[in-house]
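Enquirer: I am attaching a structure below and will ask some questions about it afterwards.
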Amino acid sequence: MFSHLNKDGQPGMVDVGQKAVSRRTAHARCTLELPKILADALRAGGLQTKKGPLVATAIIAGVMAAKNTPGLIPLCHPIPLDDCKISIEQNADGNLQINAIVVANYRTGVEMEALTAVSVAALTVYDMCKSVTKGIVIRDTRLIEKRGGKSDFTSSNSNEKTDE
């Protein structure tokens, strides 16, 4: 059932050596629920913090995280990424939405890289804004879509099941 366990139940890296190289993409998203004081400050142009420009710093952190996923998540393959795009937008209710789209031509998918990218970008925003308020909530971190490999996946609002 779990691909990272051998027949004896011991963990191990999945052998992807026989899989065909194909274009793999993954889109992950998370939301930062911001208290009103912080949402208002960001709307008013408070994107420059003592630690630097908020959005630019979080984007760089997200890209770095995607590139370093195998060092953070046990048993992940080191994947040469072709692209990693991160966007951070403030929506109408003041919350921030972080999206990452990661692309590679490889034998295994880039879902973990996309999820790691949005997670670390969100943590970076938290770190840079915690002097204003520690009431920031990081929520709804999830895979939105993946393409390539043995199956594609697109998220819905319900609990999804996948064969991977």
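Enquirer: Long-range amide H contacts for T141: which residues qualify at under 5 Å (H placed 1.01 Å from N, peptide plane, sequence gap of 5 or more or a different chain)?
Expert: Residues meeting the amide H criterion: T31.
Enquirer: What are the equivalent ellipsoid semi-axes of region 90-145, built from the alpha-carbon gyration tensor (square roots of five times its eigenvalues), in whole angstrom, biggest first? Could you put the intermediate results ahead of the total?
Expert: Details: eigenvalues 138, 30, 14 Å².
Sorted largest first and rounded, they come to 26, 12, 8 Å.
Enquirer: On to the next question. I need the phi-derived Karplus couplings for region 147-155: 6.51 cos²θ - 1.76 cosθ + 1.60, θ = phi - 60°, integer Hz, Gly and Pro marked x.
Expert: Listing the rounded values in order: 9, x, x, 6, 7, 9, 9, 10, 6 Hz.
Enquirer: Please state the relative contact order of the chain as a whole percent: Cα pairs under 8 Å, 6+ residues apart?
Expert: On the way: 315 pairs, mean separation 57.3, N = 164.
For the chain, the relative contact order is 35 percent.
Enquirer: A follow-up question, please. Based on DSSP loop calls and a cut-off of at most 13 other Cβ atoms within 10 Å, the longest stretch of the chain free of exposed trypsin sites (Lys or Arg not before Pro) is what?
Expert: Working: sites that count: K7, K19, K50, K51, K130, K134, K150, K161.
After excluding every exposed loop site, the longest remaining stretch is 52-129.
Enquirer: Tally Lys/Arg at +1 and Asp/Glu at -1 over every other residue whose Cβ is under 12 Å from the Cβ of K130; what's the total? It would help to have the intermediate numbers written out before the result.
Expert: Values: positive: K50, K51, K134; negative: D127.
After counting each charged neighbour, the total is +2.
Enquirer: Subtracting the Cα-Cα distance from 0.36 nm times the residue separation, let me have the gained length for R142 to N6 in nm, one decimal.
Expert: Working: separation 136, 0.36 × 136 = 48.96 nm, distance 2.70 nm.
Here the answer is 46.3 nm.
Enquirer: Report ³J(HN,Hα) in whole Hz for each residue of region 27-37, in order, from the Karplus equation J = 6.51 cos²θ - 1.76 cosθ + 1.60 where θ = phi - 60°; Gly and Pro get x.
Expert: Values per residue, Gly and Pro as x: 10, 10, 9, 8, 10, 10, 7, 9, x, 3, 4 Hz.
Enquirer: Which one, [x] 44, 37, 26; [y] 43, 37, 30; [z] 54, 32, 30, gives Cα extents along the principal axes in Å as derived from the coordinates shown?
Expert: [z]
Enquirer: Quick one: which residues, 5+ away or cross-chain, put their amide H under 5 Å from the amide H of N95? H built at 1.01 Å from N.
Expert: L34
Enquirer: List every residue whose amide H lies under 5 Å from the amide H of T49, counting only residues 5 or more places away in sequence or on a different chain, with H placed 1.01 Å from N in the peptide plane.
Expert: Residues meeting the amide H criterion: L54.
Enquirer: What are the ³J(HN,Hα) values, in whole Hz, obtained from phi via the Karplus relation 6.51 cos²θ - 1.76 cosθ + 1.60 with θ = phi - 60°, for each residue of region 4-14 in sequence order, with x given for Gly and Pro?
Expert: Per residue, the Karplus-derived 3J(HN,Hα) values read 8, 10, 7, 4, 9, x, 8, x, x, 6, 6 Hz.
Enquirer: For the chain, what does -39500 (n - 2.57) per DSSP helix run (n ≥ 4), summed and divided by total residues, give at 222 nm, in deg cm²/dmol to the nearest 500? Each step should come with its number before you reach the end.
Expert: Numbers: 4 runs with 45 residues, N = 164.
After summing the helix terms and dividing by residue count, I get -8500 deg cm²/dmol.
Enquirer: To continue, here is another question. By counting other Cβ atoms within 10 Å of each Cβ, how are M13, M64, M128 ranked from fewest to most? Before the final figure, lay out the partial values.
Expert: Details: M13 12, M64 15, M128 20.
In order of increasing Cβ crowding within 10 Å: M13, M64, M128.
Enquirer: Something else: Taking a cut-off of 24 Å between Cα atoms, list the lysines near K134, but don't count ones fewer than 8 places away on the same chain.
Expert: Within the straight-line limit of under 24 Å, K134 reaches these lysines: K36, K50, K51.
Just so you know, all these numbers are worked out from the coordinates, no wet-lab data involved. Values in this document were obtained by computation on a predicted structure and should not be read as measured data. FYI the Cβ positions are ideal-geometry reconstructions off the backbone, even for glycines, and counts take in every protein chain you see.
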